[in-house]
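The values are calculated or read from the model by the stated rules, or taken from the named source; none is laboratory data. Being a predicted model, the structure only gives us computed values, none of them experimental. Note that we place each Cβ from the backbone using ideal geometry, even for glycine, and neighbour counts take in every protein chain shown.
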């Protein structure tokens, strides 16, 4: 774990966008239970250099899209350990990855972007993938 002072700016980069932090496993369960309706994005934030440095600006750009998740959450890998482990337990079929972005619709995982999908791409490319996923799963006609 890193000193909290080091991760505060990385946390705030998402919370300033309206992304709610989940810091305990109970927080994660409360928002990701299968009975949830609508759309939710869960971001596994990370201090990891290039990948996380591309992911956060990509999210900022993608959230300018007309269609976007109804709810947005984040856990911080290596900091909020129990919350991160619990969030990853909902990412069925995917190994742990940080950073990563999961999109849920009606409690089901419908789109996943892992570190391997982030680290060799520019933020604009990642944002475009997110926008396509938002348009497919978060439009008013599909919710």
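For the stretch 120-138, the set of residues classified as in contact (Cβ under 8 Å) with a residue 12 or more places away in the chain, surrounded by fewer than 14 Cβ atoms within 10 Å (Cβ to Cβ) and outside any helix (DSSP H, G or I) consists of 122 only.
Looking at 113, 101, just one residue is in contact with a strand residue (DSSP E or B) (Cβ under 6 Å, 6 or more places away or on another chain) and closer than 17 Å to residue 22 by Cβ, and that residue is 101. Total residues in the stretch 105-119 satisfying the condition of being in contact with a helix residue (DSSP H, G or I) (Cβ under 7 Å, 6 or more places away or on another chain), assigned to a strand (DSSP E or B) and farther than 12 Å from residue 133 by Cβ: the figure is 0. Considering each residue of the stretch 79-98 in turn, at least one proves to be surrounded by 15 or more Cβ atoms within 10 Å (Cβ to Cβ), in contact with a strand residue (DSSP E or B) (Cβ under 6 Å, 6 or more places away or on another chain) and modelled with pLDDT under 95.
In the stretch 13-27, the qualifying residues are those that are out of contact with any strand residue (DSSP E or B) (no Cβ under 7 Å at 6 or more places or on another chain) and modelled with pLDDT of 95 or more, and the one that is nearest to residue 91 (Cα to Cα) is 25. Each residue in the stretch 18-30 was checked for being within 13 Å of the chain's Cα centre (by Cα) and surrounded by 15 or more Cβ atoms within 10 Å (Cβ to Cβ), and 4 of them qualify.
In the stretch 106-118, the residues that are on the phi > 0 side of the Ramachandran plot reach residues that are assigned to a helix (DSSP H, G or I) and modelled with pLDDT under 95 with C-beta atoms within less than 9 angstrom, at least six apart or across chains, in these pairs: 107/32.
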